[in-house]
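What follows is one structure encoded as structure tokens, with my remarks underneath.
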Amino acid sequence: MSSSPSSGWRVGRGSVCYPVMSEDTGSSLFRPDLLAGRVALITGGGTGIGAGITRVLARHGADVVLASRRREHLEPMASEVAQLGRDALVCQLDVRDRDACDAVVAQALDRFGHIDLLINNAAGNFLVRAAELSEKGWRAVVDIVLTGTFNMSQAVYPALRDSGGASIINITTTYVGSGAPFMAHSGAAKAGVLNLTRTLAVEWGGDGIRVNAVAPGLVEETEGARRLAESIGIVDAYRKQVPLGRLVTIDDVAATVLFLVSDAASQITGVEITVDGGESLGGGFKGISDALDGIP
Ligand code: COA
């Protein structure tokens, strides 16, 4: 894949062109000051999808609170945010620990005085047969993904209520709508997050808090892609099932988050937007298509 930084378009597989975030302004579609004066708290904001979301929110004017288990993952992102002219607070946090969530919120309010956006992105996953999944492994993933999302949402709720126009984005996944073979822990937890998204959208709508989910397919250049696809050599097979012809990028996911937290989505709450190039719709369409092509 090649890129053309000046044009803002990238050439993908089969010469498909698609828009990308410009390096300095963030996006050609949204004003650079879209989120000026806003503070966003991003769990797992130092790496992968979380880093991409942090970058795009900061490029559009938000100050950020970066919270994750490994401080060393957060410091480089904080420097990048500073270079963009925005302020970043780095907090070590395990979202499974409710008291620690409260402490992060207190630090953030101390530093910024308000929190307007919460991105529940922290997650854990690994491939394992359900019959072989240990209780500890089940608990680790369900507690990070589902309980962690609840913990953080509940901890930030009073601040979001005071924000007057707040938004929560939960990162889910495409396999909540199907089964999640070899990811029973993650599938069950993410399905719970989707239901929680809808519940909180209703309960907190009157407080001016919108709650939405973004469901990526396989996102290239992430830990998830490494663990769930590259490690077992199925990336190309997966890519072939994507009707739009390429894997999702971190920028694709971040752009959808940006849209959902923006005023362009001010009447959208309780929805899940899938970002997967149509992959989850096809039911193995490429295999069928290839077979049909082989029939004279
Ligand atoms: N295969 C099978 N079981 C595994 C496993 C694997 N690859 N990785 C972890 N487990 C199970 C083990 O049973 C372990 O218990 P054990 O120590 O008795 O063997 C249990 O999970 C807990 O693992 P541990 O590493 O102690 O928990 P943790 O809280 O530190 O880590 C995980 C959480 C398990 C989710 C870990 O993989 C992680 O930190 N991942 C973060 C990044 C990530 O997953 N990103 C991808 C998101 S799509």
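Under a Gaussian network description of the chain, with springs only between Cα atoms under 10 Å, the residue in Arg70, Arg129, Arg239 that fluctuates furthest is Arg129.
Gyration tensor analysis over the Cα atoms of the chain returns equivalent ellipsoid semi-axes of 31, 24, 18 Å (largest first, whole Å).
Dividing the summed helix terms, -39500 (n - 2.57) for each DSSP H run of n ≥ 4, by the number of residues in the chain produces a 222 nm estimate of -12500 deg cm²/dmol to the nearest 500. Ranking Gly192, Gln83, Val253 by how far each Cα lies toward the positive end of the dipole of the range 29-293 (charges on Cβ) leaves Gly192 at the top. Its Cα centre serving as origin, the range 29-293 has a Cβ charge dipole (Lys and Arg +1, Asp and Glu -1) of approximately 180 debye.
Taking label points 7 Å from Cα along the Cα-to-Cβ direction, Asp94 and Thr199 give a separation of 2.4 nm. The lysines whose alpha-carbon is closer than 18 Å to the alpha-carbon of Lys190, local same-chain residues fewer than 8 away aside, are Lys136. Taking a straight Cα-Cα cut-off under 13 Å and skipping sequence neighbours fewer than 8 places away in the same chain, the aspartates and glutamates within cross-link reach of Lys240 are Asp276, Glu279, Asp290.
For the chain, what is the percent of antiparallel DSSP beta bridges, rounded to the nearest 5? Close to 20 percent.
By other beta-carbon atoms within 10 Å, ranking Ser289, Ser262 with the fewest at the front produces Ser289, Ser262.
The numbers here are math on the coordinates, done by the rules we state, and not lab data. Predicted model, so just to flag it, every value in this text is computed and none were measured. Quick reminder, even Gly has a Cβ in these numbers, built from the backbone with ideal geometry, and neighbours come from all protein chains shown.
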